[in-house]
4 protein chains.
Amino acid sequence: MSKEKLKVAVVGATGYAGCELIKILLGHPEVTITSVSGKVEEAEKISEIFPLFKGRLDLACDNVDVPAISKAADLIFLALPHKVSMLFVPEFLKAGKKVVDLSADYRLKDAGIYEKWYGAKHTSTGLLKDAVYGLPELHKKEIVKSKFIANPGCYPTGSILGCAPPVNKGLVDTEQIIIDAKSGVTGAGRAASLALNFAELNENFKAYKINQHQHMPEIDQELSNAAGSKISVTFTPHLVPMNKGILSTIYFTLKKETGAAELLALYKQFYKGAPFVRILDEGIFPETKDVYSTNFCDIGIKVTGKRVIVVTAIDNLWKGAASQAVQNMNLMMGYGETAGLAL
Amino acid sequence: MSKEKLKVAVVGATGYAGCELIKILLGHPEVTITSVSGKVEEAEKISEIFPLFKGRLDLACDNVDVPAISKAADLIFLALPHKVSMLFVPEFLKAGKKVVDLSADYRLKDAGIYEKWYGAKHTSTGLLKDAVYGLPELHKKEIVKSKFIANPGCYPTGSILGCAPPVNKGLVDTEQIIIDAKSGVTGAGRAASLALNFAELNENFKAYKINQHQHMPEIDQELSNAAGSKISVTFTPHLVPMNKGILSTIYFTLKKETGAAELLALYKQFYKGAPFVRILDEGIFPETKDVYSTNFCDIGIKVTGKRVIVVTAIDNLWKGAASQAVQNMNLMMGYGETAGLAL
Amino acid sequence: MSKEKLKVAVVGATGYAGCELIKILLGHPEVTITSVSGKVEEAEKISEIFPLFKGRLDLACDNVDVPAISKAADLIFLALPHKVSMLFVPEFLKAGKKVVDLSADYRLKDAGIYEKWYGAKHTSTGLLKDAVYGLPELHKKEIVKSKFIANPGCYPTGSILGCAPPVNKGLVDTEQIIIDAKSGVTGAGRAASLALNFAELNENFKAYKINQHQHMPEIDQELSNAAGSKISVTFTPHLVPMNKGILSTIYFTLKKETGAAELLALYKQFYKGAPFVRILDEGIFPETKDVYSTNFCDIGIKVTGKRVIVVTAIDNLWKGAASQAVQNMNLMMGYGETAGLAL
Amino acid sequence: MSKEKLKVAVVGATGYAGCELIKILLGHPEVTITSVSGKVEEAEKISEIFPLFKGRLDLACDNVDVPAISKAADLIFLALPHKVSMLFVPEFLKAGKKVVDLSADYRLKDAGIYEKWYGAKHTSTGLLKDAVYGLPELHKKEIVKSKFIANPGCYPTGSILGCAPPVNKGLVDTEQIIIDAKSGVTGAGRAASLALNFAELNENFKAYKINQHQHMPEIDQELSNAAGSKISVTFTPHLVPMNKGILSTIYFTLKKETGAAELLALYKQFYKGAPFVRILDEGIFPETKDVYSTNFCDIGIKVTGKRVIVVTAIDNLWKGAASQAVQNMNLMMGYGETAGLAL
């Protein structure tokens, strides 16, 4: 292959999303990983941090050094915690780099809402207008022209894709949208925490941050945009004793009765150009295992009178983070949308 | 202990509920198990079917023989599949035995509804009026006087207990009750089935029988009774990759705003005499591990404006089946309600 | 029950063994828990640390205060980390209390070996001779007369019980004993640690501390005693993605061929008076689920020529820690050996 | 890509190995899947059997029809149960097709041993001499020239690779090789079976077929070949509550003491040309998650005097079945050995 590959950096390589991102990029035909970094006590080979990379990627992972990374790479993925990402994004953009930020720092257009939900001053508000919310199924046109993507959160990805078609068409009573979401444990990040210990979560199921999860305003923002009017969803996240996957069970009421077939047709039409959304046949519902380590979002629908139940499944670390970031890169760079992603 | 113990039989001893029932009864101070039976190819020691009973219970488990069982025991627990239970219950009652039936066969007062949801003719309709729905927190007075209990289903137990107080007080918009329930796998029974194989369910999460689970009419019946008007809930069950436990996340709208403190006080008042319902403090929500192998139902509440989210947790095989059956026996026999159940 | 109950304290109540110990003691007919303590930031109700105790135990858990605890209780269980336990045990003994220490601090008779394996000075060597190694199946006579028990480790319990009979009879080539042990995750303790995170251990299996686990000298000590000659085993522990249970697969060579039936008879004879050891029939092997939350050690044997494979199963937190501590208390106090333990 | 792709068929597509095989082949640059078949009640789309293939593979899966398959494909993978495979292999070979058989039917060179361990007459003994045992790390030269591969079993792959280097060099006391292997549940196949139900295996660990698993003679055959003398290993398989992965803990005694560094060097030398064997540094041991969905076999070594403990990890469905089959195809066809396999 004589064509020169795109040099990419993974900043925040020591977390679960960073790890999956490296995995995906290693198999991507158009790119080469030239830098990995993250918060480490001292520089260490990425193959020592994640032994699965032994013999596959030999880079050292050091703390974030913007000039060095900017020299090494042309497109930067940041898989850092929120609040940390906005310390580095401005510098990479100033250095002329393309940026895909997987954190929450540039997803919310209203800095006041960010500050309320994330409990911190937003220190980079000037860039909010430049960031494109990187949900390709809704914003492909802007993504294609952008050099700075705010990659969506995991819960929002599954929630928004499940609601957007009928909300956009004005079919839904938007006062009563309820999203009951269930996530695998990697969604909570890779850190020492008693609450995340195996023995605390295995053979256990629980809800958390009920109706006060920081992903709610992100869902509200995007559904409000889709509806053209203000929406506030009810949202309950739960923790499932599994590593990966989010299943979202969404309840809403139609303004007037519409059959399942008609609704399914609407979803198919809405996602016609979207290679990673699969609308299941009537009576079939998604399971997280069928989207495991893929960029798919599977959607099934149940209609009873005006009551609709939509079930969506994604891999929280793939479509909910890393592979969606690669999908965004593909669009930004003009590669095929599915490059490196069609397992 | 000179007092003579009550002789009890476990019919349907080879399933998961039967197994837990034996475990609980072995530690019960007032009873002795004199018979175990179920569908078997040939008689086999119960300690060979369930090696955990080795050295603890030496009875042989044979196919159901009503006269022999009636001779051996005075109170009969039936943990049989629905449709099978009603073949035997009439005979045990005719023999003058007390009966606690864990199947669904006598839970629905309306045989027509049974026949619609269970897809089978009800062959014992004459006894429906005699069966008391064995949810002690709602029907203790009738249970105490009864000799025939229809023990509630697992999903209904967690769902009804979570809704009953405000529904009974008329506070709830009963058109919009949504129950999103998540169950461990033992709820599906103990049988050879590809769909229940470890590798199909582990590291997977899914919904099933969406808004058409056969436990729905049971919830509707009891909540309608509590409300004094007809209620039809929306109900989605899910399968969690764990053995035991049900978490139910319940959504409803209040007719007028009521604070969390006031609602919690209402729940506490409603369950004042109920030793196995624990109302958690504001901001605290139940996890299934905290009710594992107990008869407790833990309840937590979140209020946002008129929107209420109630979360309940039970052990599906204990409070959702076996230990609730023992609680019912305790009440029928005049033992302390908690006898043999306070771990 | 007019008889006064024994007042017991649980020191180290915030760990997994402490939690199970409280569970067991709450159901014990002869005792009442009067004190719980452990390392906490500030005093907190034990039912807030472990919500499963809500409504069942209302004590506050504070940091360890020896005089206060000594005033409150007559028998002290210590479920503290090694090195910490020996800071308190001498004081409780001096105060005339009976002590069951679940830590490793007094298990090894040779302080030099302790110091080598635990990497710390032993500060209480004078008490080593007073401590009885609390494996009732081997040391019941001493336990009955003792007031200070060093409760065995989890791995040693399953390993020693599996080897002791033929080793004691001199049938085994003691140079070649191999123990391949697999433990649930609670064995690693209850603490914040990335290595113990759900997503690091779920859907994963690994060995650790290969032939250098600190439980090895404990196994060696007891098997050497049983043999009357020095034994050094080969020992590999593994981590199983489950909460509780240890399965030990033990390999040794007989000096001369002996049939399975004869060996099984030897095991049954050896454990004749031991209510918690179950020798399985030929061709039947233990599974950890059958000893879950019990004090049983199940043993199965496979013989091929001179090669013997013994498989033992225990619950690491029960027979491997908490319930064995209660068994020891029962013996020390003259209660029935099985009091409060026969589920 | 103008080059014509190889047409391949997957016979036995409805099992777990078949499913993984399809997944791998879909991403392979040199092949196209033209036929999938297996035992089905009636023809069904493979994307209905395995919904993960929705939108990715649209073939119908019908019962095995040798002429039709032979017409459609040039290389046939058979992922059928043993005894069934030998009904079809002769016909495909006769039709001039290349064959990679994942069953056990042609792995053992001695039909008598096959008949003893598999309890069935071998009906295709004439072809045994033509089958090459497809462990590329030992038999690459023959594989390259072969058109008929007997793909190794999952346990043998991890066991043989862990033992071969020192056994081949004559360093090992071959009388005392012990292999303690632990497998994820997919190893047991995809079929309705009570013993494989989630609730029977989750939160449980057990040994099975102790020293009598049908993979033993396969290990013996290959290690005997490597040693040049007859070897009979001791072998205990266990079931781990996880989907995929085998960890093998191997114990043997060296004829004379050899340091870990020297042994590791020997392993590295032995596997010099093997891209999928990774020898870990001293003190590092494999975990199954690091080889999950890869073709790697990771190997770590612990030496204590003459006692050696080797730990190997593979993915039972990849290196233990499907990806090894593709590795064999790559060698047979002259593609790069790693084509389609370097994740």
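The rows are residues; the columns are (1) at pLDDT below 95; (2) under 20 Å from the mean Cα position of the chain (by Cα); (3) more than 10 Å from chain C (Cβ to nearest Cβ); (4) surrounded by 24 or more Cβ atoms within 10 Å (Cβ to Cβ).
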site: D:Lys268; (1), (2), (3), (4): no, no, yes, no
site: D:Lys272; (1), (2), (3), (4): no, no, yes, no
site: D:Pro275; (1), (2), (3), (4): no, yes, yes, no
site: D:Ile284; (1), (2), (3), (4): no, no, yes, no
site: D:Ile301; (1), (2), (3), (4): no, no, no, yes
site: D:Arg307; (1), (2), (3), (4): no, no, no, no
site: D:Asp315; (1), (2), (3), (4): no, yes, yes, yes
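Report whether or not B:Asn330 is away from chain A (no Cβ under 11 Å), modelled with pLDDT of 95 or more, more than 25 Å from B:Leu201 (Cβ to Cβ) and touching a helix residue (DSSP H, G or I) at 6+ places or on another chain (Cβ under 7 Å). For B:Asn330, the condition - away from chain A (no Cβ under 11 Å), modelled with pLDDT of 95 or more, more than 25 Å from B:Leu201 (Cβ to Cβ) and touching a helix residue (DSSP H, G or I) at 6+ places or on another chain (Cβ under 7 Å) - is not met. Checking A:Ser85, A:Ser35, A:Ser70, A:Ser47 one by one, the residue that is within 14 Å of chain D (Cβ to nearest Cβ) and polar (S, T, N, Q) is A:Ser47 and no other. Hey, does region B:209-225 have a residue that's more than 20 Å from B:Ala321 (Cβ to Cβ), buried (at least 23 other Cβ atoms within 10 Å of the Cβ) and within 9 Å of chain A (Cβ to nearest Cβ)? No, there is no match, as no residue in region B:209-225 is more than 20 Å from B:Ala321 (Cβ to Cβ), buried (at least 23 other Cβ atoms within 10 Å of the Cβ) and within 9 Å of chain A (Cβ to nearest Cβ).
C:Val326 meets all of the listed conditions (1) touching an Asp or Glu at 6+ places or on another chain (Cβ under 8 Å); (2) outside any loop (DSSP other than H, G, I, E, B); (3) outside the structural domain of C:Lys209 (by TED's automatic domain parsing) but one, namely (1). Whether a residue is in a strand (DSSP E or B), hydroxyl-bearing (Ser, Thr, Tyr) and more than 23 Å from D:Ala188 (Cα to Cα) was assessed, and D:Tyr335 does not pass this test.
Residue count for region C:286-299, restricted to those that are under 28 Å from C:Thr32 (Cβ atoms) and surrounded by 24 or more Cβ atoms within 10 Å (Cβ to Cβ): 3.
C:Tyr133 meets the conditions (1) closer than 27 Å to C:Phe252 by Cα; (2) hydroxyl-bearing (Ser, Thr, Tyr); (3) not assigned by TED's automatic domain parsing to the domain that holds C:Met329 in every case but one. The failed one is (3).
Exactly one residue out of C:Lys45, C:Lys5 is farther than 27 Å from B:Asp281 by Cβ and free of Cβ contacts under 8 Å to residues at least 60 places away in the same chain, and it is C:Lys5.
Would you pick out the residues in region D:252-261 that are in a strand (DSSP E or B), more than 9 Å from every other protein chain (Cβ to nearest Cβ) and more than 28 Å from C:Gly245 (Cα to Cα)? First the steps, then the outcome.
Filtering region D:252-261 for residues in a strand (DSSP E or B) gives D:252-254.
If we keep only those that are more than 9 Å from every other protein chain (Cβ to nearest Cβ) as well, we get D:252, D:254.
The one that is in a strand (DSSP E or B), more than 9 Å from every other protein chain (Cβ to nearest Cβ) and more than 28 Å from C:Gly245 (Cα to Cα): D:Leu254.
Counting only residues that are under 25 Å from C:Ser248 (Cβ atoms) and surrounded by fewer than 20 Cβ atoms within 10 Å (Cβ to Cβ), region D:141-184 holds 3 of them.
Confirm whether C:Pro29 is within 14 Å of chain B (Cβ to nearest Cβ) and either hydrophobic (A, V, I, L, M, F, W, C) or surrounded by fewer than 16 Cβ atoms within 10 Å (Cβ to Cβ) (or both).
Judged against the criteria, C:Pro29 is a match.
Of all residues in region D:185-208, exactly one satisfies the criterion of being within 8 Å of another protein chain (Cβ to nearest Cβ), in contact with a helix residue (DSSP H, G or I) (Cβ under 8 Å, 6 or more places away or on another chain), of a type in the set (Gly, Ala, Ser) and crowded, with 23+ Cβ neighbours inside 10 Å, namely D:Ala199.
Every condition in (1) touching a strand residue (DSSP E or B) at 6+ places or on another chain (Cβ under 9 Å); (2) in contact (Cβ under 8 Å) with a residue 40 or more places away in the chain; (3) more than 15 Å from A:Leu135 (Cβ to Cβ) is met by A:Ile299 except one, and the failing one is (3). B:Glu175 fulfils the conditions (1) assigned by TED's automatic domain parsing to the domain that holds B:Asn295; (2) under 21 Å from the mean Cα position of the chain (by Cα); (3) not basic (Lys, Arg) except for a single criterion, (2). Considering the conditions (1) touching a Lys or Arg at 6+ places or on another chain (Cβ under 7 Å); (2) touching a residue at least 12 places away in the same chain (Cβ under 8 Å), A:Thr125 is excluded by exactly one of them, (1). The residues of region B:251-272 that are over 20 Å from B:Ile178 (Cα atoms) and either of a type in the set (D, E, K, R) or not assigned by TED's automatic domain parsing to the domain that holds B:Ile299 (or both), listed by number, are B:Glu262, B:Lys268, B:Lys272.
The values are calculated or read from the model by the stated rules, or taken from the named source; none is laboratory data. Just so you know, these numbers come straight off a predicted model, no measurement behind them. Using ideal geometry, Cβ is built from the backbone for each residue, glycine included, and neighbour counts are taken over all protein chains shown.
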